[in-house]
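Where a number appears in this text, it was derived from the coordinates with a stated rule and is not lab data. Since the model is a prediction, treat every value here as computed from it, not as a measurement. Cβ atoms come from the backbone with ideal geometry, glycine included; neighbour counts cover every protein chain shown.
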Amino acid sequence: MKVVLQNITKIFASRNKKVKDEVIAVNDFNLEIPDGKLVCLLGPSGCGKSTTLYMISGLQEPSSGKIFFGDDDVTKLSPENRGIGLVFQNYALYPHMTVQQNILFPLQNLKGENKLSKEEMLTRASEAAKLVQIEEFMDRKPSELSGGQQQRVAIARALVKMPRVLLLDEPLSNLDARLRLQTREEIRRIQRRTQITTIFVTHDQEEAMSISDYIVIMKLGVIMQTGKPQWVYDDPANLFVAKFLGAPPINVFTGKVENGKLYIGEECVLDVDGVEDQEVYVGIRPEGFILDKNGKLSTTLTGIDVMGRDISVVSTCESSLNPVVRSIISADEMGNIAGGSSGSSVDHTASADGAEQEKANEDVTVKFNLKPHKVLIFNKETEQRVYFGDQLAAHEQMIAEMEAEGQGYVTHNGPLPREADDVDKKATAPAPKKNIFVRAIDGIKGLFSKKKETAVSADSKAEMTENAPPAVDEAHVEPTAENIEQTAAVVEAMAPSPESAANEPAAATDAAPEVQSAPEAEQQSAPEDEQAATVSESEPVAVEEPVAAEEKPAKAPAKKPAAKKTTTTKKPATTAKKTTTTAKKSTTAKKTTATAAKKPAATAKKSTGTTAKKTTTTAKKPATAKKSTATTKKSTAAKTDKKD
Amino acid sequence: MAKTSTKNQWKAWLYLLPTLVLLGVFTVWPIINTVRMSLLEGYNGLAMIRGETFEFGFANFVDVATYAGFINCLGNTLLLCVITVPISTMLALLIAVALNSIKFIRKGMQTIFFLPYVTNSIAIGMVFMAMFSMVGGSATNAPDSVGIINNIIKAFGGKPINWVNGKISGYDPSERWANMAVLIIYIVWNALPFKILVLLGGLQGVNKQYYDAAKIDGTSRFRTFWRITVPLLSPMIAYVVITGFIGGFKEYSSVVGIFGNNMGPAHTNFRTNMNTMVGYIYDSLKDNNQGQASAAALILFAIIFVVTMINLYVSKKKVHY
């Protein structure tokens with residue numbers, strides 16, 4: 001029996017009559033369920049999937065729209081006349097009846113010409129019991145059965161009257177993990193044998209993927225996508241679907257497409273033909289990574305989970321929206337990570353043994369290449385899929401196949417429904433809720449750092465205005481520690497955001513404008529600092545080893561100190577967030593660099609980066625840092641003079 | 001360990017003392033004394049004080065059992081129990097189901113049904129007496145005044161019935177059923193609130209999904225009620241029936257309320273014809289016949305005990321916990 005839902009909408013009135021606040025549980029739902037198939041309604045809780053099921057069953061009436069079973073309009077039909085069987089989430093077996101009585105109950109209700117003789121009823125009941133393999137429990141009460149057996153009795157009760165449509169409402173959620181696996185096979189088997197159109201509601205994507213012919217993914221009462229499980233997994237229509245399917249979940253990065261190249265962070269990771277330049281989310285399935293020492297995407301290793309057949313490489317990346325990037329790699333490649341110094345795709349800069357392991361991991365960079373068909377791009381605004389390369393052709397072929405099978409492809413094309421705090425928060429990397437004390441301390445910290453910085457900006461402004469008209473001679477500016485701090489803050493404020501990065505080259509051409517812009521940038525940076533601090537606590541950030549950080553600026557051309565800032569600041573800034581030990585390291589690093597006057601700007605930045613971030617926590621630090629930087633500054637200033 | 005516990009045992013007894021004393025004085029001793037008095041033939045409290053002694057024997061029980069008044073009381077009590085308990089339970093079940101299925105005025109209706117529970121039973125009995133009363137009148141004359149019920153009967157062209165007031169001329173056995181009807185109506189009405197309360201509570205605890213499942217299976221309303229609601233409520237029903245029987249055997253104040261101290265229609269020669277077991281016990285006490293009163297009390301206890309055992313036995317078979 002084909003089931004067709006036409007423009008089904010269900011609106012629940014608010015409980016509070018004064019507030020005219022309605023809840024749209026199901027919104028304009030159109031779906032055609034082909035005859036004899038097992039279809040899963042899948043979605044997070046509260047997405048309206050159970051409501052949809054109850055509307056099909058007739059226990060709830062749709063606010064608008066029509067439901068057809070075959071060609072019959074059953075919208076106004078009461079549940080008993082629809083010829084459905086429904087298995088409830090907790091089975092609703094009558095506790096006072098034996099299994100047999102439970103199974104007989106629907107038959108005894110039949111009236112008129114449908115009325116069965118006693119023998120017929122018993123034969124039908126025993127047939128149903130045989131189908132679900134519970135014949136030996138016929139005289140027991142439901143309370144004397146295990147969860148799985150109860151579940152099967154519930155299915156038998158639903159099947160015994162030979163329904164046209166079988167509805168299952170999260171039937172496996174009360175079972176333990178092992179039984180769940182077994183029972184879902186059972187349901188699949190029963191459905192195959194009876195060939196009854198079955199609609200199955202679940203929030204467990206794995207369950208849905210494993211047993212259904214088609215899945216219907218819903219969010220907030222709207223169909224997101226329909227299709228065969230594998231198709232939906234391979235070819236999700238939007239970011240929600242991509243994130244909902246798959247365990248472990250898809251890794252999502254922020255990125256951009258420029259000139260047919262896909263960038264994650266600063267790294268160009270993939271060629272994407274035929275895609276316009278835009279901001280995007282990049283979803284990469286865990287199995288879409290290839291370890292490669294010359295890989296284009298680099299992440300920082302945090303751990304390796306061994307799972308037998310596969311290993312799962314856990315790493316972090318700044319652009320990732322997930323806290324960690326999880327990639328699944330065949331265990332055969334294990335050696336590539338753990339052992340080999342040669343041919344390894346991992347930069348080993350620290351020894352990986354014993355207690356040092358974790359710390360070592362922090363500093364290890366893993367590089368990956370990506371499998372193009374496992375990389376999914378979504379527009380940042382609409383979160384709709386952006387197809388590139390062969391993907392569009394594959395997508396069109398899939399739709400054609402689905403239509404050939406009589407299952408219309410449905411997807412959601414409009415703007416995605418969002419919960420108030422759904423996506424926006426994620427984009428700004430939410431700090432986990434802290435307890436009130438921590439927040440209070442953060443607040444106080446913030447106050448202190450703000451005060452300090454406004455004071456600084458005030459007097460630096462004065463200096464600026466003095467020095468502005470002539471080309472700025474940095475030697476005239478008192479090379480105080482504050483000053484350095486301030487410039488570092490500017491760079492920090494600017495570097496992460498692309499727009500300011502765009503501005504940067506102009507500023508970089510000569511040092512003067514940049515210094516002038518410092519006060520304004522300072523104001524921005526103050527609140528940002530707080531944020532950054534909280535982020536750093538919640539989320540492991542890619543942290544380069546200080547030594548490495550030190551080396552890089554050294555390699556960078558010494559001629560353009562400002563430009564160099566933009567490229568390298570991120571790293572010192574992040575190191576600054578590290579614990580005091582690294583802070584110490586960086587200060588010592590400063591000292592060394594101070595003597596080696598070749599890379600003045602970079603070192604200045606670095607040290608000030610630390611001090612700026614650590615204003616309150618490392619109250620002692622700034623003092624020492626200042627000392628070192630003060631000395632550094634003089635030489636720096638001298639150097640920059642020369643360059644100008 | 002053992003030593004300390006024995007050492008501190010006196011403390012435990014000290015803490016228990018108030019309860020033990022009260023229970024001993026007001027529960028244990030009265031029970032023992034009742035048994036003692038019932039077994040002393042013709043026991044009389046005043047005679048006891050005068051220094052008389054009584055023989056040990058079962059004469060009290062024999063006297064009670066063979067006394068016509070007692071047989072009448074026992075008959076009344078059994079009749080009331082057998083009639084009122086099923087009626088009130090059924091009514092309470094129907095009202096509870098009805099209340100449970102409406103949302104709109106449930107709170108208000110609940111209050112109305114619960115009112116008898118918080119009202120004094122003697123006062124209600126007197127109201128009933130007023131409602132059913134008929135003063136004056138004889139075989140030939142019209143009554144001087146009638147209560148609201150008889151007025152209603154008259155309005156429909158009926159003849160006033162002597163519900164609660166006996167005739168001066170003498171006892172008319174045909175009026176016994178009229179008297180009994182008033183008593184039954186009163187007892188049922190008075191017993192409803194508690195039963196409704198218990199059953200409604202039980203109904204609200206029944207999982208709604210059973211009804212959804214029944215609905216999908218196309219179960220008729222009656223079958224849903226009989227095959228699902230009643231079995232699922234059976235523990236509550238059993239409780240209500242057992243307590244109903246116990247309460248019924250102890251019926252007394254309703255008779256006093258309606259028929260007054262005489263325990264039967266006024267102005268009759270055969271006064272105590274509506275008396276109950278408890279009423280008989282009180283009467284015996286009033287006549288300073290504590291021996292017979294104790295024997296009657298023990299007989300009542302034995303009857304209640306047996307009936308409750310039967311109840312429990314039946315409910316073990318029929319109740320689904």
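Given R₀ = 35 Å, what would the calculated FRET efficiency be for residue B:91 paired with residue A:90, taking r from the Cβ atoms and rounding to 0.05? Calculated value: 0.60. When you restrict to C-alpha pairs under 8 Å that are six or more residues apart and normalise by the size of the stretch B:59-318, the relative contact order lands at 30 percent. Computed over the stretch B:59-318, the Cα gyration tensor eigenvalues convert (square root of 5λ each) into semi-axes of 37, 26, 14 Å, ordered from largest to smallest. Placing pseudo-labels 7 Å out from each Cα toward the beta carbon at residue B:55 and residue B:82 gives an inter-label distance of 3.7 nm. Extension gain for the segment residue A:176 to residue A:11, taken as residue separation times 0.36 nm less the Cα-Cα distance, is 56.0 nm to one decimal. Applying 1/(1 + (r/R0)^6) with R0 = 30 Å to the Cβ-Cβ distance of residue A:35 and residue A:78 gives a FRET efficiency near 0.80.
With a simple spin-label model that places each label point 7 Å from the Cα along the Cα-to-Cβ direction, the separation between residue A:204 and residue A:261 comes to 4.6 nm. Taking a ≥ b ≥ c as the square roots of the Cα gyration tensor eigenvalues, the stretch A:1-141 comes out prolate, since a/c reaches at least 1.5 and a/b is larger than b/c. What pairs in A:49/B:215; A:66/A:115; A:10/A:219 have C-alpha atoms more than 25 Å from each other? Flagged as over cut-off: A:66/A:115.
Here residue B:122 and residue B:11 are evaluated by their C-beta separation; at R0 = 51 Å the FRET efficiency comes out at 0.65. Exposure proxy for A:1, A:224, B:126: other Cβ atoms within 10 Å of each Cβ, ordered fewest to most, give B:126, A:1, A:224.
Label-to-label distance for residue A:322 and residue B:107 is 5.1 nm, based on points extended 7 Å past Cα in the beta-carbon direction.
With K and R counted +1 and D and E -1, the other residues having a Cβ less than 14 Å from that of residue A:230 yield a net charge of -4.
Report, as an integer, the average count of C-beta atoms from other chains found within 10 Å of each Cβ along B:217-223.
On the way: counts 14, 12, 5, 3, 0, 0, 3.
The shielding value for this peptide is 5.
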